[in-house]
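Data block below; observations after.
The values are calculated or read from the model by the stated rules, or taken from the named source; none is laboratory data. Here the structure is a predicted model, which means the values were calculated and not measured. Cβ placement follows ideal geometry from the backbone for every residue including glycine, while neighbour counts extend to all protein chains displayed. These area figures cover heavy atoms from the full protein model, side chains too; ligands, DNA and RNA do not enter into them. Shrake-Rupley method; radii C 1.70, N 1.55, O 1.52, S 1.80 Å.
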Amino acid sequence: MSDGELISVDYEVFGRVQGVFFRKYTQAQAKKLGLVGWVQNTAVGTVQGQLLGPRKKVTEMQQWLKSTGSPKSQIAKAEFKNEKTVASLKHSSFDIVK
């Protein structure tokens, strides 16, 4: 694969990220980059999920989650954890989890 190894990383985004179509824009951006995984709102007002795909594309998505988001969002910070190399993708799409 030309983009390098496949990785998986969990994320959580803090700030004004609920009620501003953040999940919808996250799903669209992830699909645009060819990533799979999921995104969901949390009970504490954050958005969390998992990204899976080529390292270069995951890094690009991490930057987007830290600095861009949806047009009306106000991102305070984004945290990433549990990064690991994976042999294959365990999801076939990028889903919004309710």
- request: May I ask you to list the chymotrypsin sites (Phe, Trp or Tyr not before Pro) in the stretch 7-98 that are in a DSSP loop and have at most 13 other Cβ atoms within 10 Å of their Cβ?
  value: none
222 nm mean residue ellipticity, helices alone, for the chain (DSSP H n ≥ 4; -39,500 (n - 2.57); rounded to 500): -8000 deg cm²/dmol
query: Taking amide H positions as placed 1.01 Å from N in the peptide plane, with prolines and chain starts having none, which residues 5 or more places from PHE94, or on another chain, fall under 5 Å of its amide H?
result: GLY37
- line: Along the stretch 61-74, Karplus-curve 3J(HN,Hα) (6.51, -1.76, 1.60; θ = phi - 60°) to the nearest Hz, with x for Gly and Pro, reads 5, 4, 4, 4, 5, 6, 10, 10, x, 7, x, 9, 6, 10
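Using a 1.4 angstrom probe with every protein chain in place, what is the largest-first accessible-area order of LEU89, LEU6? If you can, show how the numbers build up before the last one.
Working: LEU89 65, LEU6 30 Å².
Highest to lowest solvent-accessible surface, that is LEU89, LEU6.
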- request: Can you spot the lysines whose alpha carbon is less than 17 Å from LYS72's alpha carbon? Ignore those fewer than 8 places along the same chain.
  value: LYS24
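Can you send over the carbon and sulfur percentage of the accessible area for the chain, probe radius 1.4 Å, protein chains only?
Details: 2690 of 5510 Å².
Ligands and nucleic acids excluded, carbon and sulfur give 49 percent.
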query: Cα to Cα, under 15 Å, and not fewer than 8 places away if on the same chain: which aspartates and glutamates meet these conditions relative to LYS66?
result: ASP10, GLU12, GLU79
- request: Using a 1.4 angstrom probe, figure out how much accessible area the chain has per residue, in square angstrom, rounded to the nearest whole.
  value: 56
Normalised contact order of the chain, rounded percent, pairs of Cα under 8 Å and 6 or more residues apart: 46
